[in-house]
1. Is it fair to say GLY160 is over 17 Å from the mean Cα position of the chain (by Cα), at positive phi and in contact (Cβ under 8 Å) with a residue 40 or more places away in the chain?
2. Residue by residue through region 74-83, note down the ones that are closer than 17 Å to GLY12 by Cα and buried (at least 21 other Cβ atoms within 10 Å of the Cβ).
3. For a quick check of your reading: which strands (runs of 3 or more DSSP E) sit entirely within region 85-174 and have at least 2 residues that are touching a helix residue (DSSP H, G or I) at 6+ places or on another chain (Cβ under 6 Å) and modelled with pLDDT of 95 or more?
4. Restricting to region 49-64, and then to whatever is surrounded by fewer than 21 Cβ atoms within 10 Å (Cβ to Cβ) and either among the β-branched types (Val, Ile, Thr) or touching a helix residue (DSSP H, G or I) at 6+ places or on another chain (Cβ under 6 Å) (or both), can you tell me which residue is nearest to PHE149 (Cα to Cα)?
5. When you check VAL47 against the structure, is it within 17 Å of CYS26 (Cβ to Cβ) and touching a His at 6+ places or on another chain (Cβ under 8 Å), yes or no?
6. Filter region 19-74 down to the residues that are part of a helix (DSSP H, G or I) and in contact with a Cys (Cβ under 6 Å, 6 or more places away or on another chain), then identify the one that is nearest to GLU119 (Cα to Cα).
7. Go through VAL109, VAL94 for me and flag whichever is buried (at least 18 other Cβ atoms within 10 Å of the Cβ), hydrophobic (A, V, I, L, M, F, W, C) and touching a Lys or Arg at 6+ places or on another chain (Cβ under 8 Å).
Amino acid sequence: MEEGHVQVIRIGHRSARDVRMTTHVCLVARAFGADSAVICGEPANDVVESVRKVAENWGGRFAARYEPSWKKAVLEAKKRGEAIAHLTMYGEPVEEKMGEIRKRGKVTVVVGAELVPGEMYGLADYNISVTTQPHSEVAALAVFLDRYFGGKELGAEFKGARLRIVPSAKGKRVEETNIKG
């Protein structure tokens, strides 16, 4: 699944409104192959801790952290040479730009919570849309990452998992792996 380093930045997080959605952004980022997430806006310690526990139980090396300034997080990624792909319904179609983004090797994917500052559109190397209709940032992130990894992320194994799902036609089956942290 090695396409390169992928980080997700969630901008505009509001503690009173966005905990569930920001958690879902992080869970999708992890499950669909990203290495890390940065949550920007209001403090998000509860989300960071929740995501840490998921990674501890379900494996992988995914990390989440809080950074108050979205601009600082984006500029740090640019400084490291990462392509900045801002997901917005106003952007260029994902299928037209994905090849170019993939060639960059490292990408930071930016998704908003509240109204995204206009400055973000100028800082982005790519303003990308997965559709030109109103939709969820979680859905946009899943589509983007699936296109980026070409579906390979769907069968990824997460090393160090304490729990794993056993596929089943009916019912739910979860196994403990006997792997200790």
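The values are calculated or read from the model by the stated rules, or taken from the named source; none is laboratory data. This structure is a prediction, so every number in the text was calculated from the model and none was measured. Cβ atoms come from the backbone with ideal geometry, glycine included; neighbour counts cover every protein chain shown.
1. Spelling it out, GLY160 is indeed over 17 Å from the mean Cα position of the chain (by Cα), at positive phi and in contact (Cβ under 8 Å) with a residue 40 or more places away in the chain.
2. Once the filter is applied, which keeps residues that are closer than 17 Å to GLY12 by Cα and buried (at least 21 other Cβ atoms within 10 Å of the Cβ), region 74-83 yields only VAL74.
3. Details: elements: 107-112, 126-129, 163-165.
Filter on region 85-174 gives 107-112, 126-129.
4. Taking region 49-64 and keeping what is surrounded by fewer than 21 Cβ atoms within 10 Å (Cβ to Cβ), we get 49-50, 52-61, 63.
Restricting the remaining residues to those that are either among the β-branched types (Val, Ile, Thr) or touching a helix residue (DSSP H, G or I) at 6+ places or on another chain (Cβ under 6 Å) (or both) gives 50, 54.
Details: SER50: 25, VAL54: 22 Å.
So the residue we want is VAL54.
5. Considered against the rule, which asks whether it is within 17 Å of CYS26 (Cβ to Cβ) and touching a His at 6+ places or on another chain (Cβ under 8 Å), VAL47 comes out as yes.
6. TRP70
7. On the way: VAL109 fails: touching a Lys or Arg at 6+ places or on another chain (Cβ under 8 Å).
Of VAL109, VAL94, the one residue that is buried (at least 18 other Cβ atoms within 10 Å of the Cβ), hydrophobic (A, V, I, L, M, F, W, C) and touching a Lys or Arg at 6+ places or on another chain (Cβ under 8 Å) is VAL94.
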